[in-house]
Amino acid sequence: MAPVNKPKHKGKALVAGALAGVFEISCTYPTEFVKTSMQLSTEKVGVSDIIKRTFANEGALGFYRGLPSMVYFAAPKAAIRFASFETCSGLLTGPKGEDKFGLGSAKGFVAGLGAGTMEAIFVTTPQETIKVRLINDSFRTDGPPKYKSFFHGVKSIVSEFGFGGIYKGVVPTIIKVSTAQATRFGVFQLIPAENRNTPLKAAGSGAFAGGVSVLLFQGIDVVKSRMQGLEASKYRSTMHCITSIMQNEGPLAFYKGVGPRLTRVCLEVGITMSLYGEIVKMLNAVWKTDP
């Protein structure tokens, strides 16, 4: 992430990140739906099983159940991510552009870690909790879906569990998002600038960075989904969830949904990386902030 066209103005980072985030999730959500559905299942199910079941029960629109939680939060999530990254990068850089703490190539990883932590605390945890519960609700076996819409779902969750109900799984979410963003920003910055100086090259570099983050940290994403689902109450803690999955389903369970998630993240990072830089160019043309 850390596009070549970096805005000096924090407002531009917020706007560019928000627009890129909304566009990306609107394009890639069906893969997110399939991934989350596979992770929530305690049985062995494949991509084709989820697709067939969803089509049979809800039709094509079923693949967009839970999308509002992603769209409503996409703008603030991407805005906080990119603005936090620019802020953290600035804190690590001296007044003359020097590497203040001598981090070298690790500078992008450290700034990404800070950006991911801010994103997880302020946006991703409540967004993911709502999304996971809406998706999980569509596969209930004890009756019809409980949540009628996004807003009804939020109201029901808060009424039943309090405000803390939308912060289920906050620890694994912080771990997941901070490590993912550290890897994505860090790997992206390690790629030579000449290999990411066009929208197509930036998309390819972003997709590669996203793929690396998925393969390294898929397990924590499975744990996060389980702790935010409708059966989250059976897990006493993050560690209890990890040990339960290992004992009952084996180590391969930590890679449930890796196929659709790999597809979704590669598209996500590729789109946001390339689109972010292009939006910054457009903003620079119409929004003059330099003295």
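Could you pull the Cα extents of the range 14-126 along its three principal axes, largest to smallest, in whole Å?
Taking the Cα atoms of the range 14-126, the three principal extents are 61, 30, 20 Å.
Quick check for me: using +1 on Lys/Arg Cβ and -1 on Asp/Glu Cβ, what's the dipole size of the range 50-159 about its Cα centre, in debye to the nearest 20?
360
If amide hydrogens are placed 1.01 Å from N in the peptide plane, which non-local residues have theirs closer than 5 Å to the one on Lys100?
Those qualifying (amide H under 5 Å, at least 5 residues apart or on another chain) are Thr93, Gly94.
For the range 170-291, what does the equivalent ellipsoid look like in terms of its semi-axes, each the square root of 5 times an eigenvalue of the Cα gyration tensor, given largest first in whole Å?
Semi-axis lengths for the range 170-291 are 35, 16, 11 Å.
In the chain, if the dipole is taken from +1 on Lys/Arg beta carbons and -1 on Asp/Glu beta carbons about the Cα centre, which of Thr129, Ala20, Ala75 is farthest to the positive end?
The residue sitting most towards the positive pole is Ala75.
Could you name the aspartates and glutamates whose alpha carbon sits less than 14 Å from that of Lys131, not counting residues in the same chain fewer than 8 places away?
The reachable aspartates and glutamates, counting only those whose Cα sits under 14 Å from Lys131, are Glu32, Asp221.
State the dimensionless ratio Rg/Rh of the chain (Rg: radius of gyration of Cα atoms; Rh: Kirkwood radius).
0.99
List the chymotrypsin sites (Phe, Trp or Tyr not before Pro) within the range 155-215 that fall in a DSSP loop (any state other than H, G, I, E or B) and whose Cβ has at most 15 other Cβ atoms within 10 Å.
Qualifying residues, ordered by number: none.
Specify which residue in the list Pro172, Met282, Ile271 is farthest towards the positive end of the charge dipole of the range 171-291, using unit charges on the beta carbon of Lys, Arg (+1) and Asp, Glu (-1), about the Cα centre.
Pro172
Starting from the range 62-167, pick out the GluC sites (Glu not before Pro) whose DSSP state is loop and whose Cβ has at most 16 other Cβ atoms within 10 Å.
Listed in order of number, the matching sites are Glu98.
Lys/Arg Cβ at +1, Asp/Glu Cβ at -1, dipole of the range 130-223 taken about the Cα centre: which of Pro199, Phe217, Val187 is farthest positive-ward?
So the residue we want is Pro199.
Using only the heavy atoms of the protein chains and a 1.4 Å probe, how would Lys288, Lys77 rank by accessible area, largest first?
Most to least solvent-accessible, the answer reads Lys288, Lys77.
Expressed as a whole number of Å, what is the distance separating the alpha-carbon centroids of the range 54-121 and the range 250-276?
One Cα centre to the other: 15 Å.
The values are calculated or read from the model by the stated rules, or taken from the named source; none is laboratory data. Predicted model, so just to flag it, every value in this text is computed and none were measured. Every residue, glycine among them, receives a Cβ derived from its backbone with ideal geometry; neighbour counts consider all protein chains shown. Each accessible area value is taken on the protein alone, full model and side chains, heavy atoms only, with ligands, DNA and RNA left out. Shrake-Rupley method; radii C 1.70, N 1.55, O 1.52, S 1.80 Å.
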